[in-house]
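Undergrad: Please see the structure below; I have some questions.
The values are calculated or read from the model by the stated rules, or taken from the named source; none is laboratory data. Treat the numbers as computed from the prediction; the structure is a model and nothing was measured. A quick note on method: Cβ atoms are made from the backbone with ideal geometry, for glycine too, and the neighbour counts reach across all protein chains shown. For the accessible areas, the whole protein counts, side chains as well, though only heavy atoms, and no ligand, DNA or RNA atoms are used. Shrake-Rupley method; radii C 1.70, N 1.55, O 1.52, S 1.80 Å.
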Amino acid sequence: MLVIGFMVVEFVVGVLTGSLAVVSDAGHMAADAVGLGMALAAAVAAGRYSDADHQTFGLYRLEILAALANAVLLLALAGFILWEGLQRFADPRAVEPLPVAIIGAGGLVVNVAAWLILRRPGGQSLNMAAATVEVIADLLASIGVITAAAVIALTGWDEIDAVVAVAVAVYIVPRALRLGRSAVRVLVQAAPDHIDVAELRRHLESLPDVVDVHDLHVWTLTSEMEVASVHLTVAADGDAHAVLDRAQRLLREDFSVAHATLQVEPETHQNCIEATW
């Protein structure tokens with residue numbers, strides 16, 4: 001709420017003073033707040049409805065949809081700032097340095113407070129770590145706003161405001177693209193980046209009594225929730241129960257796949273039905 005409240009004030013001041021740097025910083029803070037809010041809402045919804053009979057995987061994918069929406073929002077924001085920044089270079093506008101400096105200092109205080117809250121001892125989840133990085137980025141943007149105000153006050157060079165705004169937009173673009181890429185990879189059910197599927201196959205094939213590995217699929221359900229399914233063919237005189245236990249332990253301990261569906265088939269089994277799509 002602290003960030004959202006200050007973001008509204010910052011946006012109003014940016015419009016009134018003609019400072020694109022302040023507007024861009026407010027937009028960046030808004031995108032962060034919206035992204036975290038959507039992720040939180042998705043997490044709550046996933047936990048609340050995960051036991052529904054018609055949603056066998058729950059609503060965990062809502063977090064990924066929220067991440068994709070956030071990426072689109074960030075790219076739209078960056079595009080607007082870059083376009084407006086180019087217009088400002090061609091047609092510079094006067095910027096009031098004093099209110100810009102004050103709002104920049106206020107943003108610095110808010111972001112330092114948020115950073116102190118987020119860096120509580122006891123470790124961080126990935127979402128919390130990402131939030132910390134974003135707060136630090138907002139903090140640097142506030143320093144840029146203060147710097148722009150100082151340069152304008154001392155030299156009258158109004159174009160520095162557009163320079164700072166464009167720098168913030170340039171920072172946003174690669175972050176948004178990475179976020180969007182990660183979300184799309186999950187939605188198309190690509191294998192997680194940290195899992196080499198060929199290596200996983202070799203490890204499964206090396207298990208005692210396993211003679212063949214087929215119909216292997218690995219994908220991500222949502223953040224930090226990897227899922228796999230595979231058919232394992234076992235030697236006729238092999239111990240299917242031991243194979244199942246070893247395969248599950250391998251997936252869990254070596255590849256961080258906590259949920260796996262394994263079909264263990266005897267070597268003499270015929271007409272195994274595999275996915276053909």
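Undergrad: Does the stretch 219-226 include one or more residues that are in a strand (DSSP E or B), over 20 Å from Ala67 (Cβ atoms), touching a Ser or Thr at 6+ places or on another chain (Cβ under 6 Å) and not small (Gly, Ala, Ser)?
TA: no
Undergrad: Let me ask you something else. On the given criteria, is Gly37 at pLDDT below 75 and open to solvent by 50 Å² or more (accessible area, probe 1.4 Å)?
TA: Details: at pLDDT below 75: yes; open to solvent by 50 Å² or more (accessible area, probe 1.4 Å): no.
Here the answer is no, as Gly37 does not meet what is asked.
Undergrad: Could you list all residues from the stretch 13-25 that are at pLDDT below 80 and in contact with a Phe, Trp or Tyr (Cβ under 7 Å, 6 or more places away or on another chain)?
TA: none
Undergrad: Can you work out which of the residues in the stretch 208-229 that are within 29 Å of Leu179 (Cα to Cα) and among the hydrophobic types (A, V, I, L, M, F, W, C) is most open to solvent (accessible area, probe 1.4 Å)?
TA: The residue in question is Met225.
Undergrad: Give me the residue from the stretch 231-247 that is open to solvent by less than 70 Å² (accessible area, probe 1.4 Å) and either touching a Gly at 6+ places or on another chain (Cβ under 8 Å) or not hydrophobic (A, V, I, L, M, F, W, C) (or both) and, out of that set, nearest to Val210 (Cα to Cα).
TA: Checked the stretch 231-247; the qualifying residue nearest to Val210 (Cα to Cα) is Thr233.
Undergrad: Another one. Looking at the stretch 250-265, I want the residues that are free of Cβ contacts under 8 Å to residues at least 40 places away in the same chain and part of a strand (DSSP E or B) and have a partner that is of a type in the set (Asp, Glu) and crowded, with 17+ Cβ neighbours inside 10 Å with Cβ atoms under 8 Å, at least 6 apart or on another chain. Which pairs are those?
TA: His259/Glu226
Undergrad: Continuing with the same structure: Tell me which residues, restricted to the stretch 100-135, are of a type outside the set (A, V, I, L, M, F, W, C), over 30 Å from Asp158 (Cα atoms), open to solvent by less than 80 Å² (accessible area, probe 1.4 Å) and at pLDDT 60 or above.
TA: Within the stretch 100-135, Thr132 is the sole residue that qualifies.
Undergrad: Is one or more of the residues making up the stretch 187-198 open to solvent by 60 Å² or more (accessible area, probe 1.4 Å), part of a loop (DSSP other than H, G, I, E, B), within 27 Å of Leu68 (Cβ to Cβ) and of a type in the set (Val, Ile, Thr)?
TA: There is at least one residue in the stretch 187-198 that is open to solvent by 60 Å² or more (accessible area, probe 1.4 Å), part of a loop (DSSP other than H, G, I, E, B), within 27 Å of Leu68 (Cβ to Cβ) and of a type in the set (Val, Ile, Thr).
Undergrad: What is the one condition in (1) part of a helix (DSSP H, G or I); (2) within 29 Å of the chain's Cα centre (by Cα); (3) of a type in the set (Asp, Glu) that Asp245 does not satisfy?
TA: The failed condition is (2).
Undergrad: Would you mind stating whether Leu177 is more than 30 Å from His241 (Cβ to Cβ), open to solvent by 60 Å² or more (accessible area, probe 1.4 Å) and in contact (Cβ under 8 Å) with a residue 60 or more places away in the chain?
TA: So Leu177 passes the test.
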